[in-house]
Amino acid sequence: MANILIVDDSPTEVHVFRTMLEKNGHTVEVAQTGEEGIDKAQSSLPDLILMDIVMPGINGFQATRKLSTIEATAKIPVIIVTTKDQETDKVWGIRQGAKDYIVKPVKEKDLIDRVNSALAGK
């Protein structure tokens, strides 16, 4: 299926997402900071990125915006997955270049449906 980069500083969240994605046939890479996520995205060019917002260093909004400005990564769909559930956060995330915005906790069917939708629209 697809190679997906998870950018999240929570080992628990990474484990949950990895389990869901691998169970559905995807391969997974992990980055624990926004900076590491940008570096890994440029080196491995994943098919899709799941991006947390609240992380040390640059946050997920900043990382998403940066990825959208780099030619090699600009077309990689980013789905923001965060606990930030305000409508203003969602609007801001989409304005930074995200294709979708999911609020944690995430149900497996919802995550896989949105991942498949983002991959289909790539």
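Tabulated results
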read-out	value
Between the stretch 48-122 and the stretch 10-27, the Cα center-to-center distance that results, in Å	16 Å
Sequence-distant residues sharing a close amide H with VAL30 (under 5 Å, placed H)	ILE6
Hz values of 3J(HN,Hα) by residue in the stretch 70-77 - Karplus curve (6.51, -1.76, 1.60), Gly and Pro given as x	8, 3, 5, 10, 4, 9, 7, x
Charge context of GLY121, other residues only, Cβ under 15 angstrom, K/R +1, D/E -1	+1
Reachable lysines, given that their alpha-carbon falls under 16 Å from the alpha-carbon of LYS40 and they are not under 8 places away in the same chain	LYS66, LYS75
Where labels lie 7 Å past Cα in the beta-carbon direction, separation of ASP85 and SER43 in nm	3.7 nm
Pair ALA120, THR19: separation of 7 Å Cα→Cβ label points (nm)	2.7 nm
Per-selection Rg to Rh, the stretch 3-117 - Cα, Kirkwood hydrodynamic radius	0.92
Packing rank of 112-120, 83-91, where each peptide gets the mean count of other beta carbons within 10 Å, highest leading	112-120, 83-91
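All of the numbers you see were taken from the coordinates with simple rules; none came from a lab. Given the structure is predicted, the values throughout are model-derived calculations rather than measurements. All Cβ positions, glycine included, derive from the backbone under ideal geometry; neighbour counts span all protein chains shown.
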